[in-house]
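Everything below concerns the one structure shown next.
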Amino acid sequence: MSRPALTDALANRDMVLRAFIGADGRLSSIPTKLTKRLVVLDHIAQSFEPGVRYSEAEVNDLMHRFHPDHAALRRYLVENEFLERDAGVYWRAGGTTT
C-alpha cells in the first residue's frame, strides 16, 4: 500500500488534532491509521526549525514533550520523511509550515 499524500491527510487536520492532542499539547496516543498519524507527525514536525541540525538527545527531548515513546515518534518522523538523519544528527526535511 502506498503512503497517502500529506495534502489529502490534512483535509481533516483540525478534527484529527482535537482527537489526539490534549489541551496540554501532549498526544493521548499515537494514531495507528496512517492518514491520522501523518497529520499528527506534521504537527510535531513544526517543532523543528528548517535548516537547524539536532542531536538525537535534542530530538528525544522534543518528542518527550508530546509522548513518552519518543523513539517511536522519532522513527515515524524519519520513515515518513518529516525528518532526515545522518550519523546521529537530525534535521527537518518535510511537512507544512505555518
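Filtering 18, 74 for residues that are within 10 Å of the chain's Cα centre (by Cα) and basic (Lys, Arg) leaves a single hit, 74.
Answer with yes or no whether residue 90 is surrounded by 15 or more Cβ atoms within 10 Å (Cβ to Cβ), touching a Phe, Trp or Tyr at 6+ places or on another chain (Cβ under 9 Å), of a type outside the set (D, E, K, R) and not in a helix (DSSP H, G or I).
On the way: surrounded by 15 or more Cβ atoms within 10 Å (Cβ to Cβ): yes; touching a Phe, Trp or Tyr at 6+ places or on another chain (Cβ under 9 Å): yes; of a type outside the set (D, E, K, R): yes; not in a helix (DSSP H, G or I): yes.
Yes.
Residues that are within 26 Å of residue 87 (Cβ to Cβ), surrounded by 13 or more Cβ atoms within 10 Å (Cβ to Cβ) and not hydroxyl-bearing (Ser, Thr, Tyr): does segment 19-32 have at least one? The answer is no, given that none of the residues of segment 19-32 is within 26 Å of residue 87 (Cβ to Cβ), surrounded by 13 or more Cβ atoms within 10 Å (Cβ to Cβ) and not hydroxyl-bearing (Ser, Thr, Tyr). Within segment 43-61, residues that are in contact (Cβ under 8 Å) with a residue 12 or more places away in the chain and closer than 12 Å to residue 73 by Cα reach partners that are in a strand (DSSP E or B) and not hydrophobic (A, V, I, L, M, F, W, C) with beta carbons closer than 6 Å, at six or more positions or on different chains, in the pairs 59/90.
Here, each number is a calculation from the coordinates, and none is a lab measurement. Everything numeric here is computed off the predicted structure, so don't read it as measured data. Cβ coordinates were reconstructed from backbone atoms using ideal geometry, including for glycine residues, and neighbour counts include every protein chain displayed.
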